1. I want to verify the translational diffusion coefficient of the stretch 181-268 in µm²/s; compute it with Stokes-Einstein, Rh as the Kirkwood radius over Cα pairs, at 25 °C and 0.890 mPa s.
2. Compute the long axis of helix 2-36 from its Cα atoms, compare it with the longest principal axis of the Cα atoms of the chain, and write down the angle in degrees, 0 to 90, nearest 10.
3. With just the Cα atoms of the chain, tell me how far they stretch along each of the three principal axes, in Å, largest first.
4. Can you list residues whose amide H is under 5 Å from H429's amide H, if they're 5+ apart or on another chain and H is modeled 1.01 Å from N?
5. Given +1 on the Cβ of Lys and Arg, -1 on the Cβ of Asp and Glu, and no further charges, what dipole in debye does the stretch 149-303 carry about its Cα centre, rounded to the nearest 20?
6. Given the Cα atoms of the stretch 106-234, and with Rh set as the inverse mean 1/r over their pairs in the Kirkwood sense, what is Rg to Rh to two decimals?
7. With point charges of +1 on the Cβ of Lys and Arg and -1 on the Cβ of Asp and Glu, referenced to the Cα centre of the chain, which listed residue (I79, Y288, T436) lies farthest in the positive direction of the dipole?
8. Collect residues whose amide H, placed 1.01 Å from N in the peptide plane, falls under 5 Å from the amide H of Q88; neighbours closer than 5 in sequence don't count.
Amino acid sequence: MKTMFNIKTHSALIYFSLLTFAFILCPLSFILVSCNTTEPPPDNDKPKPTLSLSLDDTSPTEVWLNLTTTDLELPNEIILFRDGDTSQIITLTESEITLYDDLLLPSRSYTYNVSSDKHQVTSNEVSVVTMDTTSHDFTWQTFTFGGEGGSSYLLDVAIIDENNIWAVGMIYTADDTFSAVHWDGNGWELKKIANSSYPRSTVYAFNEKDIWFDGTIQWDGYTYSVHNNGFPLDPNGHGWRRNAMWGKSSSDFYVVGNNGNIAHYNGNSWTKIESGTFLDFQDIWGDYNEKTQEWEVLAVASNHLSGYEREIVKIEGDRIKSISNEPLTSTISSTWFISSRKYLIGGSGIYSKAQIDQINWQKENTINKYYTYKIRGNSINDIVAVGGYGDLQLYNGINWRSQYEITKIDGNYRSVSTKGNIVVAAGQHNAEAVITIGRR
């Protein structure tokens, strides 16, 4: 009995010791395994990334979308889907960007969304309808003036509305000389600006009671007032030719002209802006950039008859920033643009770019054979360009179409203005001043 008791007691002690060792070893094993794992424990408090998509703008063939992300690890690869199919794979480096898609069809519905495979997150879906094209179908009517007492011409034109159009230049009749013509809806009247026959080269209209001639002469619908006092470039008023004007209002506008001259008017006083060039500034245009919430103002300079040099500048307050004109090799005469959408310059051809900071301008697929003097537009799908021998081209958002066989003249259209469904081109035909009006 004693031996049996000893064996049982000994077995029980062994069993108890093994069981105790197992309980000690188990937590140690768990600790060792936990320390060797490569996956961090889940963080349930970490915010889940989001992608938010919204429509920015459209053209007949393009779409711009705004993408905003939150809590998304950057850089990050996202996929842009158009109608459920992959359109682009984009590497994000910023939390807010503008996405661009092109080669689309006009007046067509599309749906877009973006996703990140890494974070398994998808944006909201955005429905888009691209812009329609505009019509190329215009009826044209041509008027001529002067030519009896000398070679007459018109250099600029402004449309206030269909019954209020001004054009300026020099018109010689058999009996007198005039510096402008005005359309009142019924007919044209020859005018002397500020009771003077001195040639005028540019006109800009803010509205029917706020029209400017040559930068310093203002018409309020009843009387002319001259704002020449303190003009920094030619105190006598005629030291250099003013070639173009553009502005936001009569208290914030620019005048550009020969010998690299740029002047700014604030409603009370003039300031000269040093351009860094002695080339003749031919044109100026501005537009509001919704992204930067600032106005962009561009001016172009060339000496048409004395070399191939050219300059494109961006006016930023009282400073000038040079813009690339690559790969152009000849002169330029005009600029027009919609900020961050389409920038155009004209001269020996028509060139464009989508963003102003791009290096190279791309030649537009036009059939113009002659020099382009002026480009103006209503919108990205409604643009007109005029030039040598009466060349007039219309852009509808997809392609350019020449009206040359209808609008051709023995001379040049030097300027054009467009508003709504009206286009007015002004220039010289033989020894006469000429205006051609198109109505859509």
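1. The diffusion coefficient I find is 181 µm²/s.
2. 10
3. 154, 47, 42
4. The answer is V434.
5. Charge dipole, the stretch 149-303, about its Cα centre: 420 debye, nearest 20.
6. On the way: Rg = 24.4 Å, Rh = 18.6 Å.
So for the stretch 106-234, dividing Rg by the Kirkwood Rh gives 1.31.
7. Among I79, Y288, T436, the one farthest towards the positive end of the dipole of the chain is I79.
8. Placed amide hydrogens put L80 under 5 Å from Q88.
The values are calculated or read from the model by the stated rules, or taken from the named source; none is laboratory data. Predicted model only: the values in this text are computed from it and were never measured. FYI the Cβ positions are ideal-geometry reconstructions off the backbone, even for glycines, and counts take in every protein chain you see. Calculation scope for accessible area: heavy atoms of the full protein, side chains included, ligands and nucleic acids excluded. Shrake-Rupley method; radii C 1.70, N 1.55, O 1.52, S 1.80 Å.
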